[in-house]
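A.B. asks: I have a structure here, written as C-alpha cells, and I will follow up with some questions on it.
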Amino acid sequence: MKPKDTTFSVEKSEDSSGFLLWQVTNLWQREIKKALESFDLTHSQFVLMASVYWLTLHKQDVTQILLSTHTQIDPMTTSTVLRTLQNKGLLQRQEHLTDTRAKTVELTDSGKKIIKQAVKVVETFDKTFFGTLGTKTQLFNEQLLSLLEQKK
C-alpha cells in the first residue's frame, strides 16, 4: 500500500481559499480588461484615474504618494503609470505648492470625460459580476475589508 502524500492540507482544490481567490481574481481581471478596452486603458490606469477623480471629489490634495497609499499600488509603479497617463494627455502632474518632494496630480478635461464613462462601465460590470452574491454582497465586502486590515 502506498503511503498517503500529505503535501496538501485539502482534499479538493475547491477547499483552498487562496486557490479560489486566485481563480476569481483572474476571471474578474480578464473581464475588467475587456470592459476597459474601448477606453484604451489598462486596469492600473483606470484605478489610478478613478482614484484621482474620487479623491478630488472628496476635497483631497491628490499627490502621487496619496494615490499609491489609496490604491495599494507601489510608488514606483504609480509614478510609471501616471507618466503614461500624462503622455496620453489624461492627467497632469506638477510640483506641490508646499512640499517640493511631492507632485500633485489632476485629471485633464479629457481625462475627466473618459473616467466618468469608464467608471459607469466598470460599476455596471461589477454589479453584474458580484450580483451573483445577492444579499451577501455587503458581507463579502466586509470580509474582504477584514482581510485587508490584517496588513495595516
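Read-outs throughout are calculated quantities, based only on the coordinates presented, and are distinct from any laboratory measurement. None of these values were measured; they are calculated from a predicted model. Glycine also receives a Cβ, built like all others from the backbone with ideal geometry; neighbour counts cover every protein chain displayed.
A.B. asks: Mind putting a number on the dipole of the stretch 8-83 about its Cα centre? Charges go on the C-beta only, +1 for Lys and Arg and -1 for Asp and Glu, and I need it in Debye to the nearest 20.
C.D. replies: Here the stretch 8-83 has a charge dipole of around 240 debye.
A.B. asks: Listed highest first by mean packing, meaning other Cβ atoms within 10 Å per residue, what order do 32-43, 81-92 come in?
C.D. replies: Listed from highest to lowest mean packing, they are 81-92, 32-43.
A.B. asks: How large is the convex hull of the C-alpha atoms of the chain per residue, in Å³?
C.D. replies: Normalising the Cα hull of the chain by residue number yields 174 Å³.
A.B. asks: With each run of n ≥ 4 DSSP H residues scored as -39500 (n - 2.57), what mean residue ellipticity at 222 nm is computed for the chain after dividing by its residue count and rounding to the nearest 500 deg cm²/dmol?
C.D. replies: -20000 deg cm²/dmol
A.B. asks: Nearest 10 degrees is fine. How inclined is helix 43-57 to the longest principal axis of the chain, computing both from alpha carbons?
C.D. replies: The helix 43-57 is inclined about 60 degrees to the chain.
A.B. asks: How do 102-113, 55-66, 6-17 rank on mean C-beta neighbours within 10 Å, highest first?
C.D. replies: In decreasing order of mean packing, 102-113, 55-66, 6-17 become 102-113, 55-66, 6-17.
A.B. asks: Would you mind calculating the relative contact order of the chain from Cα pairs under 8 angstrom and at least 6 residues apart, reporting the percent as a whole number?
C.D. replies: With pairs under 8 Å counted, the relative contact order is 20 percent.
A.B. asks: What is the magnitude of the charge dipole of the stretch 48-120 about its Cα centre, with +1 placed on the Cβ of each Lys and Arg, -1 on the Cβ of each Asp and Glu, and no other charges, expressed in debye to the nearest 20?
C.D. replies: On the way: 10 positive and 6 negative charges, 61 e Å.
Dipole about the Cα centre, nearest 20: 300 debye.
A.B. asks: Follow-up question, since we're still on this one. Which lysines, if any, have their Cα less than 24 Å from the Cα of LYS34, not counting same-chain residues under 8 positions apart?
C.D. replies: LYS88, LYS112, LYS113, LYS116, LYS120, LYS127
A.B. asks: Can you give the extra length, in nm with one decimal, that the chain gains between HIS96 and LEU148 once fully stretched, where that is 0.36 nm per residue apart less the Cα-Cα distance? Working shown, then result.
C.D. replies: Details: separation 52, 0.36 × 52 = 18.72 nm, distance 3.00 nm.
My answer for the length gained is 15.7 nm.
A.B. asks: Report the charge-dipole magnitude of the stretch 19-149 in Debye, nearest 20, computed about the Cα centre from +1 at each Lys and Arg Cβ and -1 at each Asp and Glu Cβ.
C.D. replies: Using Cβ point charges on Lys, Arg, Asp and Glu, the stretch 19-149 gives about 300 debye.
A.B. asks: So if each residue of separation counts as 0.36 nm, and I subtract the Cα-Cα distance between THR124 and LEU21, what length gain in nm does that give?
C.D. replies: Taking 0.36 nm per residue and subtracting the Cα distance, the gain is 34.9 nm.
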